[in-house]
Amino acid sequence: SLDGLVKVWDLSAQCCTQTIASHHGPVGAGVCRKLFDDERWRLVTGGNDGQVRVWSVNTENKSDDDLCEFMGTLIPPPNVAISNEKISCIQFHGRLVGILHTNSKNVDIYLARSTQESLKKLQRRLKRRQEKQKKSAEETSIGPKRGLLDDPDDEKDAELGLEEQVDPERIKASDEFEYVATMRATHKLRSFAFVPKEKGEIGRLVCALSTNALETHSLIRKAEGV
């Protein structure tokens with residue numbers, strides 16, 4: 001809601017089981033879905049700060065622990081423009097998740113990796129982090145420096161060692177979701193929806209434009225990309 005909180009409700013007990021302070025400011029979009037290949041449930045929220053946050057949902061939670069735990073944000077690669085406009089629409093479809101910012105012609109598309117693929121990505125990330133820290137420590141007597149864009153959680157993970165990080169609970173949003181493409185419409189978008197794809201497509205979207213027209217876009221895997 002606009003107060004910046006996300007309420008998680010137990011429908012069988014008809015009560016609120018968790019209140020999440022999302023740090024978005026006002027929260028304008030959110031979706032909770034099970035990922036394509038197993039029992040992983042994810043809550044994805046977007047707000048006025050333009051960031052998309054991912055939360056893991058423990059559907060078998062029998063204790064007093066929080067049902068949803070923060071996993072990180074979805075951030076496109078450095079060569080992709082980042083919008084600071086508020087998130088107006090988030091859609092899941094199979095392995096795909098689409099993100100739409102207000103006053104934008106673009107829909108950012110991410111692909112959910114399998115658990116095994118996510119674990120491999122986690123191990124590669126921790127290995128790069130350890131190599132970076134080792135190099136920094138060798139170059140200065142002060143110790144490894146932390147950059148502005150470094151994630152504090154990476155430092156905690158690196159201290160634990162690579163072999164201890166095969167636990168799926170250590171997976172972060174950046175390990176689990178891969179940016180694949182940005183779909184660009186001819187005019188600003190009001191909303192969009194995924195529809196059944198055709199053969200050879202990764203996905204297909206129908207977009208509602210500010211001109212009251214509809215456009216259909218398909219995502220196709222090519223040798224050099226999407």
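Go through E60, E69, E117 for me and flag whichever is open to solvent by 40 Å² or more (accessible area, probe 1.4 Å), more than 22 Å from P196 (Cα to Cα), without any contact (Cβ under 8 Å) to a residue 24 or more places away in the chain and assigned to a strand (DSSP E or B). Explain how you work it out, then say what you get.
Working: E60 fails: assigned to a strand (DSSP E or B); E117 fails: assigned to a strand (DSSP E or B).
Exactly one residue qualifies, and that residue is E69.
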Which numbered condition W41 misses (of (1) open to solvent by 30 Å² or more (accessible area, probe 1.4 Å); (2) under 29 Å from E117 (Cα atoms); (3) in contact (Cβ under 8 Å) with a residue 24 or more places away in the chain):
(3)
When you scan segment 178-188, do you find a residue that is over 27 Å from P78 (Cβ atoms), at pLDDT 95 or above and surrounded by fewer than 19 Cβ atoms within 10 Å (Cβ to Cβ), even just one?
yes
Using the structure shown, decide if V80 is in contact with a Lys or Arg (Cβ under 9 Å, 6 or more places away or on another chain), under 21 Å from E178 (Cα atoms) and in contact (Cβ under 8 Å) with a residue 40 or more places away in the chain.
no
If you take the residues of segment 188-211 that are over 16 Å from S88 (Cα atoms) and not in a strand (DSSP E or B), which of them is farthest from the chain's Cα centre (by Cα)?
T211
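This table checks each residue for (1) over 18 Å from the mean Cα position of the chain (by Cα); (2) hydrophobic (A, V, I, L, M, F, W, C); (3) not in a strand (DSSP E or B).
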position	(1), (2), (3)
L2	yes, yes, yes
A13	yes, yes, yes
R33	no, no, no
F36	no, yes, yes
E39	no, no, yes
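The values are calculated or read from the model by the stated rules, or taken from the named source; none is laboratory data. Everything numeric here is computed off the predicted structure, so don't read it as measured data. So basically every Cβ, Gly included, is an ideal-geometry build from the backbone, and we count neighbours across all protein chains shown. We work out accessible area using only protein heavy atoms, side chains counted, and drop any ligands, DNA or RNA first. Shrake-Rupley method; radii C 1.70, N 1.55, O 1.52, S 1.80 Å.
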